[in-house]
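The values are calculated or read from the model by the stated rules, or taken from the named source; none is laboratory data. Here the structure is a predicted model, which means the values were calculated and not measured. Positions of Cβ are backbone-derived with ideal geometry, glycine not excepted, and every protein chain shown enters the neighbour counts.
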Amino acid sequence: MKADAAVQRRLLDLAEVDAELSRVNHRRRTLPELAEISDTEKTAQAKRDALVAVETTLGDLDREVRRQETEIDQVRAREDRDRKLLADGNVGAKQLADLEHELATLQRRQGVLEDDLLELMERREAVDADTSHARVELEKAQNALTDAQARRDSALADLDSTEAKRVADRDLMVKQFPADLLALYERVRAQRGVGAGLLRGRRCGACRIELDRTTMSAIKAAAADDVVTCDECGAILVRTAESGL
Ligand SMILES: [Zn+2]
């Protein structure tokens with residue numbers, strides 16, 4: 001294949017644009033925000049689970065408190081009834097003794113229930129504080145997630161804009177190349193990642209491998225408009241004043 005030496009040299013500009021496009025793609029996949037988002041999502045999920053657990057406990061305690069209060073009310077109502085009967089005085093000696101005995105029992109029962117209720121209320125208060133804390137923790141994790149997502153979106157927007165500019169540059173550039181040369185470049189780039197490299201000293205600019213003497217002799221003997229490729233990576237070897245031939 002033949003191509004004007006000046007045209008071949010312009011392949012280096014194209015290769016540079018392609019390298020930048022590859023870097024943009026690599027950066028898009030490896031943004032530190034992606035790992036951060038993944039970690040923060042896990043944290044937020046854990047905080048959400050923790051909040052649900054503590055809210056469930058709080059709900060259970062609320063139900064227990066209500067049940068305890070209902071029971072205390074029932075005991076009190078019974079005591080009131082007994083006291084009223086005693087106050088009325090229309091009871092016989094046997095019933096009087098029974099009522100007094102029952103009142104004493106009810107009062108003891110009420111004392112126990114009230115102590116239990118107090119303990120329940122204290123536990124509820126502690127769990128309520130835990131719930132508030134868990135809510136704050138979840139909010140923090142959600143804010144961190146939103147923040148990381150915003151930074152990711154901004155980084156992606158920058159990359160999209162760089163990519164759009166370089167793609168526009170590339171569209172103009174590729175029009176300058178003869179079809180066969182461009183096809184070769186594109187084929188090698190598709191297969192190996194880099195379509196052309198500068199030959200510097202004995203080293204291929206695409207794969208960085210040093211060429212052997214025989215290959216170097218063949219390249220030296222080649223005409224300026226011959227298109228030569230690297231035996232190692234297939235890239236078009238572009239010769240310039242820097243090549244040291
Ligand atoms: Zn090479």
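Please find, among 128, 115, 98, the residue that is over 30 Å from residue 10 (Cβ atoms), surrounded by fewer than 11 Cβ atoms within 10 Å (Cβ to Cβ) and not β-branched (Val, Ile, Thr).
Result: 115 is the single residue among 128, 115, 98 that is over 30 Å from residue 10 (Cβ atoms), surrounded by fewer than 11 Cβ atoms within 10 Å (Cβ to Cβ) and not β-branched (Val, Ile, Thr).
Determine if segment 128-141 includes at least one residue that is among the basic types (Lys, Arg), modelled with pLDDT of 95 or more and under 46 Å from the mean Cα position of the chain (by Cα).
The answer is yes, given that some residue of segment 128-141 is among the basic types (Lys, Arg), modelled with pLDDT of 95 or more and under 46 Å from the mean Cα position of the chain (by Cα).
Pairs please, first residue from segment 93-107 and without any contact (Cβ under 8 Å) to a residue 40 or more places away in the chain, second anywhere and outside any helix (DSSP H, G or I), Cβ atoms under 8 Å, 6+ apart in sequence or on different chains.
What qualifies is 99/91.
If I go through segment 164-215 residue by residue, how many of them are more than 13 Å from the ligand (Cβ to nearest atom), in a helix (DSSP H, G or I) and without any contact (Cβ under 8 Å) to a residue 40 or more places away in the chain?
Residues meeting the conditions: 13.
Scan segment 222-245 and report the pairs whose first residue is closer than 13 Å to residue 202 by Cα and free of Cβ contacts under 8 Å to residues at least 24 places away in the same chain and whose second residue is within 16 Å of the ligand (Cβ to nearest atom) and in a loop (DSSP other than H, G, I, E, B), with Cβ atoms within less than 9 Å and a gap of 6+ or a chain change.
Sorted first by the residue in segment 222-245, then by its partner, the pairs are 231/209; 231/211; 231/212.
Pairs, please: C-beta under 7 Å, at least 6 apart or cross-chain, first residue surrounded by 12 or more Cβ atoms within 10 Å (Cβ to Cβ) and in segment 144-163, second of a type in the set (Ser, Thr, Tyr)?
Listed by first residue and then by second, the contacts come to 144/40; 145/40; 148/40.
Which condition does residue 204 not pass, out of (1) at positive phi; (2) modelled with pLDDT of 95 or more, if it passes all the others?
All conditions pass for residue 204, except number (1).
Taking the condition aliphatic (A, V, I, L, M), surrounded by 14 or more Cβ atoms within 10 Å (Cβ to Cβ) and farther than 30 Å from residue 163 by Cβ, does residue 21 pass? Don't jump to the end; show me each part of the working.
Working: aliphatic (A, V, I, L, M): yes; surrounded by 14 or more Cβ atoms within 10 Å (Cβ to Cβ): yes; farther than 30 Å from residue 163 by Cβ: no.
For residue 21, the condition - aliphatic (A, V, I, L, M), surrounded by 14 or more Cβ atoms within 10 Å (Cβ to Cβ) and farther than 30 Å from residue 163 by Cβ - is not met.
Scan segment 44-70 for residues that are without any contact (Cβ under 8 Å) to a residue 24 or more places away in the chain and either of a type in the set (Ser, Thr, Tyr) or touching a strand residue (DSSP E or B) at 6+ places or on another chain (Cβ under 8 Å) (or both) and report the count.
2
Can you tell me which of 63, 78 is under 30 Å from residue 122 (Cα atoms), loosely packed, with under 11 Cβ neighbours inside 10 Å and either modelled with pLDDT under 95 or not polar (S, T, N, Q) (or both)?
63
Does segment 227-245 hold any residues that are more than 10 Å from the ligand (Cβ to nearest atom) and within 51 Å of the chain's Cα centre (by Cα), and which are they?
227, 228, 238, 239, 240, 241, 242, 243, 244 - these are the residues of segment 227-245 that are more than 10 Å from the ligand (Cβ to nearest atom) and within 51 Å of the chain's Cα centre (by Cα).
Conditions first: (1) in contact with a Cys (Cβ under 8 Å, 6 or more places away or on another chain); (2) at pLDDT 95 or above. Residue 192 passes all but one, so which condition is the exception?
Among (1) in contact with a Cys (Cβ under 8 Å, 6 or more places away or on another chain); (2) at pLDDT 95 or above, residue 192 violates only (2).
Quick one: which residue in 117, 99 is under 16 Å from residue 71 (Cα atoms), in the same structural domain as residue 48 (by TED's automatic domain parsing), in a helix (DSSP H, G or I) and more than 36 Å from the chain's Cα centre (by Cα)?
Checking each option against the conditions leaves just 117.
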